[in-house]
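This report concerns only the one structure given below.
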Amino acid sequence: MTESNDWLSWVAQFTQDCADREATVNLRAARTSDVERDDQTTIEALPTVYRDTQFRSLLEACWAATLDSLHITWEYEPETFTLPSGVKYLPDFHLTEIGVWLEVKGPGIPRVEKAYELGEMLACDCPALACTCRWPGGEMVIVGHPPMPINPWLDEAYGHWPNRAKSKLVRNHGGFIRWTSTRRHNSWMTRCSGCGRATWVEGPRLRRCPACGGNPESQLYRAFENHFEFVRLPWLSGNATQPDDEDEAAA
Ligand SMILES: [Zn+2]
Ligand SMILES: [Zn+2]
């Protein structure tokens with residue numbers, strides 16, 4: 001019963017699930033095509049198709065599904081930037097309605113230098129409380145990390161659940177979104193009470209929803225507050241989520 005609530009093993013399992021899926025894709029491709037495969041492909045570089053978009057990795061595809069669940073419109077790799085250092089940089093997602101660029105990182109030590117450089121490049125120079133830019137503070141750059149697992153054994157809200165139901169919940173739940181802002185300030189997620197979108201904001205610059213101009217909910221969420229669920233695509237592993245599993249677990 002403790003096997004599922006260990007963060008590192010959960011990430012390892014998630015990574016393995018991704019690898020399993022990728023291996024399946026490659027196997028099918030090898031059997032149905034005479035095209036030679038590139039031996040240098042890695043987990044990160046292997047494609048996953050979600051909503052007619054081919055992603056470099058399953059993790060990226062899961063992020064796209066998660067953004068959909070948050071009602072956030074995304075474009076995948078729409079623009080390559082030339083950073084002030086002269087380096088080219090292609091961020092993973094542009095969230096066009098909320099003025100955010102999202103860079104998705106796998107487990108391990110992420111290389112985020114380019115994301116941070118882009119964040120500095122896009123930030124405006126206005127005083128925090130007197131910014132008149134289309135996007136408060138300029139467009140944000142967010143680094144998305146592998147999801148945080150749900151832990152019903154430590155969360156009192158699940159205290160009355162039988163252990164079997166807890167295990168099942170952990171198995172089928174995608175975990176929670178984890179992110180880092182490239183800005184040095186505190187960054188938060190909130191949900192707009194007007195349009196229902198989730199969006200990232202900086203505390204002192206939070207006044208209106210960047211998408212619709214409505215007021216955000218008063219509650220702000222930090223990355224570690226385990227509020228917004230990460231969507232784990234159902235084809236992730238052989239132990240695929242069944243549509244009725246969650247109802248059963250909640251019973
Ligand atoms: Zn500004
Ligand atoms: Zn809104």
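The values are calculated or read from the model by the stated rules, or taken from the named source; none is laboratory data. On a predicted model such as this, the values are computed, not experimentally measured, just so you know. Cβ: placed from backbone, ideal geometry, glycine included. Neighbour counts: every protein chain shown. Please note that ligands, DNA and RNA were not included when accessible areas were found on the heavy atoms of the full protein model with its side chains. Shrake-Rupley method; radii C 1.70, N 1.55, O 1.52, S 1.80 Å.
When the surface is traced with a 1.4 Å probe over the full set of protein chains, THR180 keeps roughly 50 Å² accessible.
Packing, as the average of other Cβ atoms within 10 Å across residues, places the peptides 72-78, 138-144 in the order 138-144, 72-78, highest first. Value of Rg to Rh for segment 87-194, rounded to two decimals, is 1.09; Kirkwood radius and Rg both from alpha-carbon coordinates. Restricted to Cα atoms, segment 45-140 shows a radius of gyration and a Dmax of 14.5, 45 angstrom. Once backbone amide H atoms are built at 1.01 Å from N, PHE176 has MET148, ILE150, PHE230 as its partners under 5 Å, excluding neighbours fewer than 5 places away on the same chain.
Computed 3J(HN,Hα) for segment 140-145, one whole-Hz value per residue from the Karplus formula 6.51 cos²θ - 1.76 cosθ + 1.60 where θ = phi - 60°, is 8, 10, 10, 9, x, 9, glycine and proline marked x.
When only the Cβ of Lys, Arg, Asp and Glu is charged (+1, +1, -1, -1), the dipole of segment 96-139 relative to its Cα centre reaches about 120 debye. Note on THR132 and SER85: the extension gain reaches 14.2 nm, defined as 0.36 nm multiplied by sequence separation minus the Cα-Cα distance. Of the whole protein surface, TYR116 contributes about 60 Å² of accessible area at a 1.4 Å probe radius. Using a probe of 1.4 Å, the accessible surface attributed to CYS131 totals some 40 Å² when neighbouring protein chains are kept in position.
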